[in-house]
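Take this structure first; my questions come after.
The values are calculated or read from the model by the stated rules, or taken from the named source; none is laboratory data. What you are looking at is a predicted structure, and each value in this text was computed from that prediction instead of being measured. FYI the Cβ positions are ideal-geometry reconstructions off the backbone, even for glycines, and counts take in every protein chain you see. All accessible areas refer to the heavy atoms of the entire protein, side chains included, with ligands and DNA or RNA removed. Shrake-Rupley method; radii C 1.70, N 1.55, O 1.52, S 1.80 Å.
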Amino acid sequence: MSLTIYDSMAREKRVFEPADSSRVTMYVCGPTVYSYAHIGNARSAVAFDLLYRVLRARYGADHVVYARNITDIDDKIIKAAAETGEPIEAVTKKFADIYRADMGALGVIRPGLEPTATGHVAPMIAMMERLIGKGAAYAAEGHVLFSVDAYPDYGKLSGADRDEMIAGARVEVAPYKKNPADFVLWKPAKEGEPGWDSPWGRGRPGWHLECSVMIESELGETIDIHGGGQDLRFPHHENEIAQSACAHQGAPLARYWMHNGFLRMGADKMSKSLGNIVLAHDLLKDWHGEVIRWALLSAHYRQPLEWTEELLKQSKKQLDRFYRLLEDIPFTEETGAAPQSIMLALEDDLNSPEAFAGLHELRDIAGQMDGEAKAAAITRLRDAGRLMGFFNVDPAQWFQAASSSGPSAEEIEALIAERAEARKTKNFARSDEIRDDLAAQGIILEDGPQGATWRRA
Ligand code: AMP
Ligand code: ZN
């Protein structure tokens, strides 16, 4: 079967054919590391992780090269460092580490390449020199600007009228710009700010240039797939496209463009500037990463997704039902190829709701079986879920994992120990009381030959 993906540039679903199936290349715009990622940022990471998994299943894990950058120099980072008094490198290292840990907890496979902006300043200077040489960029007052008039296709990805886009994005009108739509590739560093020496004075790179250069350095001139959130189409991706095409004799930056839809809180997009954010880091204290991942994949990646507590509760409930069945086979990390029905759903532009329906079907089939046939059906179900990043927990641990309410595992263990003691001294009233108290909090005890075990109802 073929893999189809919705190409935001063509504005239609296209069959995906990599330029070289032994080296499929994808790039996704990663985090600016000055604070914690919110769950909207996580949606982007999880959606493209699902794509990465499907590509690996199709072409082989060694044949997919995935780069997700880390933007470690930026006005917001400088501001955050100034506020806490920490060195910039300490801030960026801290939040890059937290980002990796949080995304890892959401089942996001770490991309093979994680280029940093500060690690690519020399090739950025080289690209600007090439662009200036071709007349596609110019230096003015310590800045280097890209001349949008040098690229006739500017605006093709977002499709909107250029003047409208500029008004919408509140592009800075500056006296040194030849055209108000021209954007900054390099800007001067103020006194005390971090900077690098360049032919145009001490300064630092602009965000758009970073991605074009990191793609060129890490993956090549033209990549197979470029991804990011819908909000990045303009100006960020439009600018990446223009820079790269002009630097590479018109060669396109990406053969396919993919954009995830917004995660919303009520009617609004979740964003740091609106202040309506929920941090992935905080959610992970109350919910297992697989629950959050399930919630994120419950809508198709291009559709808007409204974030609610109820969505998390429903996701937990669904996963519990699967884990209940997974308890019937011994736990192992070994994973086989995913059944075709799941691959088919995901190869249709990452149709995760359809893939979830497929998981439910596999569960129903397994539920009607007995003996070895049942064990085989549950194994198939597990393989299917694992392709999507689920069912990686030993079911016994799953049912003990922290939930947003109720006593902690330590509190429960302590009460179980007290109950065992009470039973030894034939204090059955106390023993029953502990069991009933726990039951009232949703903790179920099961007495066995090795003593009592517990799970959350
Ligand atoms: P940022 O740190 O704002 O550059 O965002 C990192 C990634 O998350 C980008 O790909 C954004 O497009 C994406 N993103 C930001 N906010 C949301 C949201 N509310 N829903 C979905 N994706 C988002
Ligand atoms: Zn980018």
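Per residue of segment 204-214, what does 6.51 cos²θ - 1.76 cosθ + 1.60 with θ = phi - 60° give for ³J(HN,Hα)? Whole Hz please, x for Gly and Pro, Karplus curve as stated.
9, x, x, 4, 4, 4, 3, 5, 4, 6, 5
Under a 5 Å amide H to amide H cut-off, with H placed in plane at 1.01 Å, what residues pair with R14 once short-range neighbours are removed?
Under 5 Å from the amide H of R14 lie the amide H atoms of I5, Y6, D7, each far enough along the sequence or on another chain.
While we're on this one: Give the long-range amide H neighbours of V24: residues separated by 5 or more places, or on another chain, with amide H under 5 Å away, using H modelled in the peptide plane at 1.01 Å from N.
Residues meeting the criterion, in which the H sits 1.01 Å from N, are V64, V65.
Heavy-atom accessible area per residue, segment 265-398, 1.4 Å probe: how many Å²? Walk me through the numbers on the way to the answer.
Values: 6200 Å² over 134 residues.
The answer is 46 Å² per residue.
In sequence order, what are the phi-derived ³J(HN,Hα) couplings for segment 25-34 according to the Karplus relation 6.51 cos²θ - 1.76 cosθ + 1.60 with θ = phi - 60°, rounded to whole Hz, with x for glycine and proline?
Running phi through 6.51 cos²θ - 1.76 cosθ + 1.60 with θ = phi - 60° gives 10, 9, 9, 10, 5, x, x, 8, 8, 10 Hz.
Further question on the same structure: Once you place label points 7 Å from the Cα toward the Cβ at D153 and A337, how far apart are they in nm?
Distance between label points: 3.7 nm.
Say each of R423 and A10 gets a label point 7 Å from the Cα, pointing the same way as Cα to Cβ; how far apart are those two points in nm?
6.4 nm
Pop the C-beta distance of A174 and E221 into the FRET formula with R0 = 25 Å and round what comes out to the nearest 0.05.
Step by step, r from the Cβ atoms, then E = 0.25.
Quick one: if you stick a label point 7 Å off each Cα along the C-beta vector at A457 and Q249, how many nm between them?
Placing both labels 7 Å along Cα→Cβ, they lie 7.2 nm apart.
In segment 4-260, what percent of the accessible surface is made up of carbon and sulfur (1.4 Å probe, ligands and nucleic acids excluded)?
It is 50 percent, rounded to a whole number.
Sorted by accessible area with a 1.4 angstrom probe, largest first, how do F390, F234 fall?
F234, F390
Same structure, new question: Which links in K285/K313; K93/K269; K76/K187; K134/K178 stretch past 18 Å when you go from one Cα to the other?
With Cα atoms farther than 18 Å apart: K93/K269.
Among DSSP beta bridges lying fully in the chain, give the percent that are antiparallel, nearest 5.
55 percent
Show V54, V393 ordered by accessible area, largest first, where the area counts protein heavy atoms only and the probe is 1.4 Å.
V393, V54
Quick query: amide H of H38 versus all other amide H atoms, modeled in the peptide plane; which residues come in under 5 Å with a sequence gap of 5 or more or a different chain?
Amide H to amide H, under 5 Å and 5 or more residues apart or across chains, H38 pairs with A280.
OK, next. Leaving ligands, DNA and RNA out of it, work out the accessible area of I241 with a 1.4 Å probe and give it in Å² to the nearest 10.
10 Å²
What is the helix-to-structure angle for 371-387, meaning the angle in degrees between its Cα long axis and the longest Cα principal axis of the chain, kept from 0 to 90 and rounded to the nearest 10?
Between the helix axis and the principal axis of the chain, the angle is about 30 degrees.
Further, regarding this structure: Ordered by residue, what ³J(HN,Hα) values in Hz, to whole numbers, does segment 305-313 give under the Karplus form 6.51 cos²θ - 1.76 cosθ + 1.60, where θ = phi - 60° and Gly and Pro are x?
10, 8, 8, 9, 4, 4, 4, 5, 4
If you count only protein heavy atoms with a 1.4 Å probe, what accessible area per residue comes out for segment 99-152, rounded to a whole Å²?
39 Å²
Summing -39500 (n - 2.57) over the DSSP H runs of n ≥ 4 in the chain and dividing by its residue number, what mean residue ellipticity at 222 nm do you reach, to the nearest 500 deg cm²/dmol?
One gets -13500 deg cm²/dmol as the mean residue ellipticity at 222 nm.
Straight-line reach from K94: which aspartates and glutamates have a Cα under 13 Å away, not including same-chain ones fewer than 8 places off?
Partners within reach: D72, E86, D102.
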